[in-house]
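Visitor: Dropping a structure here in C-alpha cells format, bear with me for questions.
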Amino acid sequence: MTQWEVWRQDDNGNEYRLAVHPDRIAALAQLMVLESGVPHKQLYRVAGPSGPVCRTNRDLYRRVLAEGRRMTERGRTLDEFLRGWWQVARPLAGRARLDLDEVAAMLVAAGSVEPPPIRPEWRSTSFEWLTVEPRRYVDWQSIVRCQIADLADFADQGPLPPYAGLGLDAPRPGGQRRCIGVRWYNFDPASYLECGLAGALGGWDPDDDVRVELPGPLVPLRPEPGPEEVPVETLTWDDLAEFAVCGQEYE
C-alpha cells in the first residue's frame, strides 16, 4: 500500500517520523498545520510519491465536497474555517502556484487547525483599496479577512434569519467591493466550499445530488464552469480569490 510519512527535523539535524498516512493530502494537511503555528526552527517534510492525487477539477471537487460536509457535521463554523484558512495559508504566501493536492490539503488543514482570534483591525478596515482583479496572496488574504469581518458583524446582529440562504447584503460593502462580493448566500463550510469550487472551477456532477444543469435557454447570472471534468495542474492566488468570492456569493 502506498504511504506518505510526515517527518520532523530538529535543531541538531536529527529526523523523527511523526506520522504515516495512506493519503498524500492528509499528510500535506498535517504538515501545513504544523508549519502554521508559532515560528520555529524545526523543519517538516512529507516523504512519499510526489505525484498529485488530484489531477482534475473533478478530483478536487469531490475531495473538497466531502471535507466540507465533515467540517459541518463536526460543528466547525464558517468563521472558524476562514480563520483557519488564513492561518495555514501564511507559510505559503511566497508560492505563486499550488498543485491541487496542496490546495485540498490547505482546506483540510483549515478545518482542523486551531483558528487564531480575529484581529480588531480586520473589522475596522474598509477594503476599498482592493483591486477589482485580485492577483496576489495579499489580495486573497484581504478577501478572506473581509469575509471574517462580515461574519463577525452578522454575529453581532444576532442569529441569522431563516431566509439567510436566499441571500443577505454584506454588512460592510464598502465602495470598491465588487471583487469581494456584496451578498452572502453560504454560511457554513459545506456550502461555502461546494459553491466555491463549483463557481470557480466546476467539476461537479449531477449524481452528486448537489446541483443540476440549468435547462437550455436559461443563463445563470454568474457563468459557471460546469460539470465537465478537465485537467488542472496548479492554481494561483487569483484562482483562490475567485474560489473565496464564489464561496460567499455563488448559489
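The values are calculated or read from the model by the stated rules, or taken from the named source; none is laboratory data. Source: prediction; values computed, not measured. All Cβ positions, even for glycine, are placed from backbone atoms using ideal geometry, and neighbour counts span all protein chains on display.
Visitor: All but one of (1) out of contact with any strand residue (DSSP E or B) (no Cβ under 6 Å at 6 or more places or on another chain); (2) under 23 Å from residue 44 (Cβ atoms); (3) buried (at least 21 other Cβ atoms within 10 Å of the Cβ) hold for residue 64; which doesn't?
Guide: With respect to (1) out of contact with any strand residue (DSSP E or B) (no Cβ under 6 Å at 6 or more places or on another chain); (2) under 23 Å from residue 44 (Cβ atoms); (3) buried (at least 21 other Cβ atoms within 10 Å of the Cβ), residue 64 is out only on (2).
A quick yes/no check of all residues on (1) in contact with a helix residue (DSSP H, G or I) (Cβ under 7 Å, 6 or more places away or on another chain); (2) part of a helix (DSSP H, G or I):
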site	(1), (2)
6	yes, no
17	no, no
25	yes, yes
31	no, yes
44	yes, no
50	no, no
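Visitor: Identify, from the list 77, 125, 72, the residue that is modelled with pLDDT under 95, within 14 Å of residue 193 (Cβ to Cβ), surrounded by 15 or more Cβ atoms within 10 Å (Cβ to Cβ) and not aromatic (Phe, Trp, Tyr).
Guide: Being modelled with pLDDT under 95, within 14 Å of residue 193 (Cβ to Cβ), surrounded by 15 or more Cβ atoms within 10 Å (Cβ to Cβ) and not aromatic (Phe, Trp, Tyr) holds for just one of 77, 125, 72, which is 72.
Visitor: Let me ask something else about it. Among the residues of segment 143-155, is any exposed (fewer than 12 other Cβ atoms within 10 Å of the Cβ) and closer than 26 Å to residue 33 by Cβ?
Guide: no
Visitor: What are the pairs, 6+ residues apart or on separate chains, where a residue within segment 145-168 that is at negative phi has its Cβ under 7 Å from a residue that is of a type in the set (Val, Ile, Thr)?
Guide: Close Cβ pairs (under 7 Å, with a partner that is of a type in the set (Val, Ile, Thr)) amount to 146/180; 148/118; 152/118.
Visitor: Out of the residues in segment 1-48 that are at pLDDT 90 or above and of a type in the set (Val, Ile, Thr), state the one that is nearest to residue 91 (Cα to Cα).
Guide: 33
Visitor: Go through segment 8-58 residue by residue and tally those that are among the small types (Gly, Ala, Ser), surrounded by fewer than 12 Cβ atoms within 10 Å (Cβ to Cβ) and closer than 30 Å to residue 229 by Cβ.
Guide: Summing the residues that are among the small types (Gly, Ala, Ser), surrounded by fewer than 12 Cβ atoms within 10 Å (Cβ to Cβ) and closer than 30 Å to residue 229 by Cβ in segment 8-58 gives 2.
Visitor: Do we find that residue 5 is in contact (Cβ under 8 Å) with a residue 40 or more places away in the chain, in contact with a strand residue (DSSP E or B) (Cβ under 6 Å, 6 or more places away or on another chain) and exposed (fewer than 15 other Cβ atoms within 10 Å of the Cβ) in this structure?
Guide: Criteria met by residue 5.
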